[in-house]
Structures are given as C-alpha cells and as structure tokens.
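Read the structure below first, then the notes.
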C-alpha cells in the first residue's frame, strides 16, 4: 500500500508587534504620548499638573517665609522664659507658658478623643445595628467635623458654666461657675480630633478581610475577643495616624483657646491640689500668643509672634512627618491589614 507524503503547511504570518511565533502577543498602548490626546484632555492634564505644582509652591513658600522670619528673632531664651504682663511684649519675657499650654491642651484633647473615636468606629463597623442608629452615629461625626470652631467654643462655654461641671473650673463666691479652664477647653478640643481618629480607624477596620474574623470565630473566639485581640491590634497604625492628625488640629486652633481658656499670657492655676490646679486654671497657647503679638494684636511684638509661629509650624510639621512615618512603618512591618491578607 502506498503512503501519500504529508504536505508541509505554509509558515504562520508574524504576530503584530514583531512577536516571535508562539510568543505572547504584545498589545500596543494607545495614546502613549500626550501630543496624541484631544485638546480638552491636554488642557486638563496641564491644569492638573499646574494645581499640584501650585500646592507645592504655596506650602514651600509658607515654610520658607516663616523660617526666614522666625529664625531672625528666635532665641533659646524665649523658649525657657515666661511672658511678663506688659503692654509692650517686645521688652518682656518669652513664651514658655504658651508652649506648655499648647502641650497640655493637646494631651488632654487627644486623650479624650482617641478612645471615644476608636470605640465609635469599632461599633459602627463591627455591629452597626440597628442600621438607622449606625447611620446616625456617622452623621453625628460628620456634623462635628463640619461645625466651625467658634460655634464649638461658644457651645462649650454655655455647657461648662452649668453647676454640674463646677469641678472642672473655679467658682465665684456667689456660686457662679467660670467655665474656663484647660479641662473644659481640652474637652471641646477633643471634638476637633475625634472625626480624624474615627475616620482612620473605620477605614482600617473595613479593609480587614472577612476571612480573618471567620478564622478567629473558628478557633472559638467570641466577637468581643476577636475585636480586642485581632482587629484593634491590626489597625494600630491607622489609630496612630488619626491621632497625630488630630493633635495637629488641636495645636493649631485659636477660637476655643480664646473663649474657653482665656488666652492669658501666663498659666493661672486655681485651687490647692498639685497638678489639678493647673488643669482647672486658665492660660494660653502658641496660637493665642501669636495672635496677640501679631501686627493685628495688642502685644506690639511682631518679632516674637514670628518666632512663636515658627515654633508652632515646626510642631505641626513634626506631627505630619510622624503620620508619614507611622503609615510607612505600618505598611513595612505589617501593623496594618496587609499582614492579614489584605492588599495595603
């Protein structure tokens, strides 16, 4: 029996993009050059670049201007000497008391805000029942975040002048409650930081995959134990980021300081209990000191205002830098949800 020889097939045509036969086909990217875009797209591209560069220029300009002005007048003696009661502040003392007041107020505010915000965010994400109550909690946080500082300050003054809060400030001989102290100002300052800590914590909890919770339940852990031992330790970086942002907001506020703290030059303790007398007393912060000594104020010491403003700017920049470090370290070391299987 004769065998018909097999006819050879014609060679395959080359793939598009110059790929060898049998190799993966390369897709040609469309619109690789901006010059090939439509005119409106190119205009939008330029506008976006311009907006980004403008923001960079504004930020750098503020820092350079305050550094130029602040370093001219900043002396170590200003950081360790107390301001003196004088109509001409350019000839009297430094701003040690306002610096201490900023630190005290920031600590009080963030200490009150962090546990409240974390608890609220945890309840909303992990429970949130009934739904209308969960939505009401989120709406309440949004209202607090959008309320002007001066409104919060006035509300706090009316609230803390009630007799039930007399222990937080000193009372006059007739029984009238003064309502101004580091405790009352710190309580209202906590409302400024609370939305930031809440948002960061909620975002972190929502990014944890569901199988992490299911694995914990499979091991016999209750929901409360899962939250305490698994979920909250996993979002420590988120909580720290929100707290650092909240501290920057507290340190830079002025309205609450003026209304609820008195914005005095020196710390004015009230009472006889060590430590508590400072918290029940009045004082000021760097923001109020800068305002009083600025060209718009009555202190007649713009040089000291520039120096204090530069110190305050360094504090805020340091807090923002801490936020970036915490976020990077959390992503690198797995403190966030990436170590639980979610994409960072």
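The values are calculated or read from the model by the stated rules, or taken from the named source; none is laboratory data. None of these values were measured; they are calculated from a predicted model. Cβ placement follows ideal geometry from the backbone for every residue including glycine, while neighbour counts extend to all protein chains displayed.
Couple of notes before you dig in:
- Residue 264 vs. criteria surrounded by fewer than 17 Cβ atoms within 10 Å (Cβ to Cβ) and without any contact (Cβ under 8 Å) to a residue 40 or more places away in the chain: no
- In segment 84-112, the residues that are modelled with pLDDT under 85, surrounded by 15 or more Cβ atoms within 10 Å (Cβ to Cβ) and in a loop (DSSP other than H, G, I, E, B): 92, 93, 94
- The criterion of at least 3 residues that are crowded, with 23+ Cβ neighbours inside 10 Å and at pLDDT 90 or above is met by the following helices (runs of 4 or more DSSP H) wholly inside segment 187-251: 236-251.
- Restricting attention to segment 261-280, the residues that are more than 27 Å from the chain's Cα centre (by Cα) and either under 16 Å from residue 166 (Cα atoms) or in a helix (DSSP H, G or I) (or both) total 7.
- Test for residue 53: is it farther than 21 Å from residue 254 by Cβ, surrounded by fewer than 20 Cβ atoms within 10 Å (Cβ to Cβ) and out of contact with any strand residue (DSSP E or B) (no Cβ under 7 Å at 6 or more places or on another chain): yes
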